Amino acid sequence: MSEVSDPIFAKIANRYDRINRILSLGQERKWRAFGIRQLEQGSVLDLGCGTGDTDFEGRTVVGIDPVIEMLALSPVVARVVAVGEALPFRDASFDGVFSGYVFRNLTSVDETLDEVHRVLKPGAAAVVIGLSRPANPILRVLHRVGTAVVLPVVGLVFAGAPKEYWYLHRSLDALPQPEDLFAGRRLDYEKHWRTGLFGFVYGARLRKPRT
């Protein structure tokens, strides 16, 4: 994550999961679960695991996050304070990498994807679940107006942190659409999908070549 976002997530750590469920109308866990099902069984790195509110369906999990306040709430046994741009693991350590709602907060997407490529075993997949503006230009404008109003209000009412949720509104404009963000990487870009209101939630599956 960036130096800007770290203190924001530290402040809202105890209320983060509850507010996510409110904002997603209870769908947020389903979006994660669909992404998990795109991974093979085996060892998984949960990149930006936060509070560890993800069911990995029997897989062996290592969670990393730079925000100690978030990581302290995680039930995952193997937890490491680290950033995606410098993963403290050997080459080809994992059968899969999962990242939920993290990429728009990274300091460097390029460096993080290079690190994901490095720690994945040949032929293994990475799944990224993220938030972005809708692809349709008209819906994008409506979505931007909506989040400018809704996110700070929710942040004020449920977390007492309207400024922090204003940052989350602005972070939705930080990156290009996923089909542009993940194309042309060392990881093969296999597919992406969209869900949520106006399709503002995306998922993408990337795979490390076998050779």
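Residue under question is Gly123, and the condition is that it be in a strand (DSSP E or B) and within 25 Å of Pro66 (Cα to Cα); does it hold? Considered against the rule, which asks whether it is in a strand (DSSP E or B) and within 25 Å of Pro66 (Cα to Cα), Gly123 comes out as no.
Being modelled with pLDDT of 95 or more, over 14 Å from the mean Cα position of the chain (by Cα) and under 17 Å from Val128 (Cβ atoms) is the requirement here; does Phe89 meet it?
Details: modelled with pLDDT of 95 or more: yes; over 14 Å from the mean Cα position of the chain (by Cα): yes; under 17 Å from Val128 (Cβ atoms): no.
Judged against the criteria, Phe89 is not a match.
Within segment 67-83, the presence of at least one residue that is in contact with a Cys (Cβ under 7 Å, 6 or more places away or on another chain), hydrophobic (A, V, I, L, M, F, W, C) and either loosely packed, with under 13 Cβ neighbours inside 10 Å or assigned to a loop (DSSP other than H, G, I, E, B) (or both) is confirmed. The C-beta contact set for segment 109-130 (first residue closer than 21 Å to Asp180 by Cα, second residue among the aromatic types (Phe, Trp, Tyr), distance under 7 angstrom, 6+ apart or interchain) comprises Val109/Phe103; Val127/Phe98; Val128/Phe103; Ile129/Trp31; Ile129/Tyr101; Gly130/Tyr101; Gly130/Phe103; Gly130/Tyr202. Annotation: of all residues in segment 147-169 being loosely packed, with under 15 Cβ neighbours inside 10 Å and at pLDDT 75 or above, the one that is farthest from Gly199 (Cα to Cα) is Val153. Of all residues in segment 36-60, those satisfying the criterion of being surrounded by 22 or more Cβ atoms within 10 Å (Cβ to Cβ) and not in a loop (DSSP other than H, G, I, E, B) are Val44, Leu45, Asp46, Leu47.
The values are calculated or read from the model by the stated rules, or taken from the named source; none is laboratory data. Every value quoted in this text rests on a predicted model; they were computed, and no experiment measured them. In this analysis, Cβ positions are derived from the backbone assuming ideal geometry, glycine residues included, and neighbour counts consider all displayed protein chains.
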